[in-house]
2 protein chains.
Amino acid sequence: MSTALERLRTLARERAVVATSAATIGWDQETYLPDEGHEWRADQIAWLSERAHELGTSAAWGEALATAEAESAAPALTVVMRRDFDRATKLPGELVAREAQASSLGKQAWADARKRSDFASFAPHLETLLGIAREKADRWGYEAEAYDALLDTYERGSTSAGIASLFGALKPQLREIAAAAVERSNKRNATLPTGVYPIAAQKEFNALVAESLGFDFKAGRIDTTAHPFCTTLGPRDIRLTTRYDESDFTSSLFGVMHEAGHGLYEQGLPVSEVGLPSGDAASLGIHESQSRLWENHVGRSRPFWEKWLPVAVQHFPALAHTSLDDFLAAIHRAEFSFIRVEADEATYDLHILLRFELERRLVAGELSVKDVPAAWNESFRDLFGMTPPDDAHGCLQDIHWAMGGLGYFSTYTLGNLNAAQLFAAATADPAIAAGVAKAEYAPLLSWLRNKVHAKGAVLTPAEIVTQATGKPPSPEAHLAHLKARYLG
Amino acid sequence: MSTALERLRTLARERAVVATSAATIGWDQETYLPDEGHEWRADQIAWLSERAHELGTSAAWGEALATAEAESAAPALTVVMRRDFDRATKLPGELVAREAQASSLGKQAWADARKRSDFASFAPHLETLLGIAREKADRWGYEAEAYDALLDTYERGSTSAGIASLFGALKPQLREIAAAAVERSNKRNATLPTGVYPIAAQKEFNALVAESLGFDFKAGRIDTTAHPFCTTLGPRDIRLTTRYDESDFTSSLFGVMHEAGHGLYEQGLPVSEVGLPSGDAASLGIHESQSRLWENHVGRSRPFWEKWLPVAVQHFPALAHTSLDDFLAAIHRAEFSFIRVEADEATYDLHILLRFELERRLVAGELSVKDVPAAWNESFRDLFGMTPPDDAHGCLQDIHWAMGGLGYFSTYTLGNLNAAQLFAAATADPAIAAGVAKAEYAPLLSWLRNKVHAKGAVLTPAEIVTQATGKPPSPEAHLAHLKARYLG
């Protein structure tokens, strides 16, 4: 192997050691950190993040990369590394530190503003964060509009115009499906039996399910947090988290299945390539395709519950008299609601369409910060036919902007589309379909490992989907899935 | 304040940020790390440890220290910082890395050798680690013997000759007390009632007790590990661990009281001085004085159980018919045993005397590695009147040598002596004695905070004990305590 390439692997591995150290400390912050430990913890994470940034923008890295390029040692890999290196080095340390500071203050101000539903107190922070996002976009450069450069951070190869056109075409169909699903659901009015679903039993049940999907507990675990997430503390150390509701075991279960989808992807990345694009997840839209596939296409399906409802009954006596049909109706309940993270599958994408459009206009300067609440509510009325009672249930509900995460939201719907397209392509294989019909997922996971996980981030998200499914990314499978499940 | 001193504080704080990051990752390794995460974890800890060493031996640190010395900015503080800096810089990076490597291999070889009770397979590792210890001592320098330089790492100001003379004088008295305690205990033959002491109830009870001692759960927590320890992840983030035995709740309880003693010390160090000797624990012997004080002088005392036995009965129905006298007899049971970590208070120090003497002869070259098992067994017969059945129950039982921790063991007995002397001095104050008699410990903790915790590591351990108690360190209080409890 080229010595320049070998050098790059070593540097990338070191940066991953540092970045995963920050992730470990961040995981502890969300799971076990005592109250008064937060201030010091923030200093630890900041120090480690700065070192990771330094390593990834170092002269040594730049030289090894230039040599590897000149030698054509691994052209597909170095193209992506060049892009990442240039993007990283285009941001001066001062800007990175300023963004970290603004995001830290922004999150605090947001949490406080949301509590009091007081957008005005958050507005100056959003203004600052928006300015930083525009400054980053300007430094990175873009062809059509600044929002493209932000989008490219999360979903390489996507453009604002492309997503706008996709979402524009989707909108009428998603509205129609959502409205019909809600109407049908209201008639049926199915709910889970009331009763206590003990947390200890939920933990046991969730672990059985996660294991049956293929999540490897020798290289991962599940803990409890206020907001569920999945994080990678090392190539063989993937942590999932969930939260528990004693009156509804499906809340923690679908949380675990969603995060296990992310975790299976991380456990399937090539360990030997750690720190390099060839060992990294392709994009947020591909990551979300894995979480949504296991949560929705597997976890909310009839064959899954044919196997697992009897097991659930053993864990939760409250379910003893629930038929499979009633149970499925309850977990397929659709309703219009104000909060994205509580939205069901049939209405979820509408929340994303709203955010994408608003964000794009904000970054372009077509919408000013002070007008966000009115614009949000108008758009919400248009999509959902109802008005948020306050900004806490409207434009203040998500943490993303407060963290400086502009350009992020559309990846949730891209994930839904990818999930459906990948699941349809996989289950076109009779052996995989037969497994899925028996709630046996080894063949499905094996297909995802080969077609998605093993690919790393060398191909673009669109290339991965195209190669895996034989078709360019398209919303067809997602729409067909929603119609079959919610209107069928 | 002197700008050089201000600069030192900043550098010391940064080093503490990095060192506590390594500690956080190390804590997770012992508590929650999945099996396959260990390899990567070792790389993370090594990287962080190297950075901490680099920061503490940097030119910037050396210059700021020299300037602060020249300005006489804080002479007592800079004397200790000079000593630490010189000791750190006297070890070349190559030696530090070689020691880390040897210790990592040594621990693996030791664990394996102990399992098979095969000293020969561990001997070459001990030879290497002994060589490294001597090399370090040579580089640090010493007056009388190499062992002094090692001892000084853990217990500043102690000398081998001083400890040898102390232990020599103690030996006959400790043997006499131990023999008499064991004889009395055999006659009485008191044990805890058999039964199940549920782990959930142990956790609740332990937390109540730790809180009653003053351990602050807003700045700490308790988790479960194979071997109990206390570690500092930040100035307001102190983690204790313990292990549970369903047939004996006192095992986890005394573990928690011991580690809470360490934790109370760490919670009492001045936060503003973090990273500096003025914010650091004075020595292992002082640290162990705090753990032993709370574990033995408080936790195994009659007044403590007058209050807590009724609470324990509520948690553990198995105790319902146990009288206070029977309970105390059970927790004061003394017996000769092979394993140090399972030894009771009355026989514990004999295990230390043996190790100190052997270690000193090893480092001096008077005892060769191959002769360790025979020397151990001979010394054990002399002290305990019995022969270990194998090396796993003899010279292979402790991890310390395998980690390169030569010069460490004597601090356990120094801790016992300090604990007794500090407890006696504190309870000479009637208000503290009155609190202790009612199992109320705020006055005792306050005394320890002022006399020990707040002092940091600027004074020597002996100076701290002398100033706190009005007398130089002496074994009197410890011997008096053992006689009162075990022969009284």
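The values are calculated or read from the model by the stated rules, or taken from the named source; none is laboratory data. Just so it is clear, the model here is predicted, and its values are computed rather than measured. Here Cβ is always computed from backbone atoms with ideal geometry, including for glycine, and neighbour counts include all displayed protein chains. Calculation scope for accessible area: heavy atoms of the full protein, side chains included, ligands and nucleic acids excluded. Shrake-Rupley method; radii C 1.70, N 1.55, O 1.52, S 1.80 Å.
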Subject >> Portion, in percent, of the accessible area of the stretch A:3-142 that falls on carbon or sulfur, probe 1.4 Å >> reply: 53
Subject >> Compactness relative to 2.2 N^0.38 Å, alpha carbon Rg of the stretch B:143-488 >> reply: 0.97
**OP:** Using the Cα centre as the reference, give the magnitude of the dipole from point charges on the C-beta atoms of the stretch A:20-139 (Lys, Arg: +1; Asp, Glu: -1; all else neutral), rounded to the nearest 20 debye.
**Re:** 420
Original post:
How well do other chains shield peptide A:9-16, expressed as the mean number of their Cβ atoms within 10 Å of each residue Cβ?
Top reply: 1
**OP:** Place +1 on the Cβ of every Lys and Arg and -1 on the Cβ of every Asp and Glu in the stretch A:149-275, take the dipole about the Cα centre, and give the residue among A:Gly220, A:Gln267, A:Leu170 whose Cα lies farthest towards its positive end.
**Re:** A:Leu170
Subject >> Paramagnetic reach from B:Val311 (point 7 Å along Cα→Cβ, amide N under 19 Å) across the stretch B:194-209 >> reply: B:197-209
**OP:** Pop the C-beta distance of B:Ser72 and B:Asn450 into the FRET formula with R0 = 25 Å and round what comes out to the nearest 0.05.
**Re:** 0.40
Subject >> Additional length obtainable on full extension of the chain from A:His321 to A:Ala200, 0.36 nm per residue less Cα span >> reply: 41.4 nm
Subject >> For A:418-428, mean number of other protein chain Cβ atoms within 10 Å >> reply: 0
Original post:
Between the stretch A:426-488 and the stretch A:243-279, what's the alpha-carbon centroid distance in Å?
Top reply: 17
Original post:
Nearest 0.05, what FRET efficiency do B:Ala144 and A:Ala97 give at R0 = 41 Å with Cβ-Cβ as r?
Top reply: 0.20
Original post:
Accessible area per residue of chain B at 1.4 Å probe, in Å²?
Top reply: 40
**OP:** List every DSSP H helix in chain B whose Cα atoms extend 20 Å or more along the helix's own long axis and whose mean Kyte-Doolittle hydropathy is at least -1.0.
**Re:** B:3-31, B:38-56, B:75-90, B:93-116, B:119-140, B:160-188, B:199-213, B:249-268, B:348-364, B:410-427
Subject >> Label-point gap, in nm, between A:Ala180 and A:Ser368 - each point 7 angstrom along Cα→Cβ >> reply: 4.3
Original post:
Given the C-alpha centroids of the stretch A:343-380 and the stretch B:135-184, what is the distance between them in whole angstrom?
Top reply: 72
Subject >> Accessible-area composition of the stretch A:375-488, carbon plus sulfur, in percent [1.4 Å probe] >> reply: 57
Original post:
What is the dipole size for the stretch A:143-488, taken about its Cα centre, with +1 at each Lys and Arg Cβ and -1 at each Asp and Glu Cβ, in debye to the nearest 20?
Top reply: 780
Original post:
Between B:Leu192, B:Ala207, B:Ala181, whose Cα lies farthest towards the positive end of the dipole of the stretch B:162-221 when Lys and Arg beta carbons carry +1 and Asp and Glu beta carbons carry -1, centred on the Cα centre?
Top reply: B:Ala181
Subject >> Listed residues B:Asp398, A:Asp325, B:Asp35 arranged by accessible area, highest first, probe 1.4 Å >> reply: B:Asp35, A:Asp325, B:Asp398
**OP:** Per residue of B:234-246, count partner chain C-beta atoms within 10 Å of its C-beta, then hand back the mean as an integer.
**Re:** 3
Original post:
How would you classify the stretch A:3-142 from its alpha-carbon gyration tensor, with a ≥ b ≥ c the square roots of the eigenvalues: rounded for a/c under 1.5, else prolate if a/b is greater than b/c, otherwise oblate?
Top reply: oblate
Original post:
How would you classify the protein assembly as shown from its alpha-carbon gyration tensor, with a ≥ b ≥ c the square roots of the eigenvalues: rounded for a/c under 1.5, else prolate if a/b is greater than b/c, otherwise oblate?
Top reply: prolate
**OP:** Report the FRET efficiency, 1/(1 + (r/R0)^6), for A:Ala190 and A:Leu487, where r is their Cβ-Cβ distance and R0 is 22 Å, rounded to 0.05.
**Re:** 0.90
Original post:
Taking only DSSP H segments of four or more residues, each worth -39500 (n - 2.57), what value at 222 nm results for chain B once the sum is divided by all its residues, to the nearest 500 deg cm²/dmol?
Top reply: -21000 deg cm²/dmol
**OP:** Just the number, please: buried accessible area between A and B, total of both chains, 1.4 angstrom probe, nearest 100 square angstrom.
**Re:** 3100
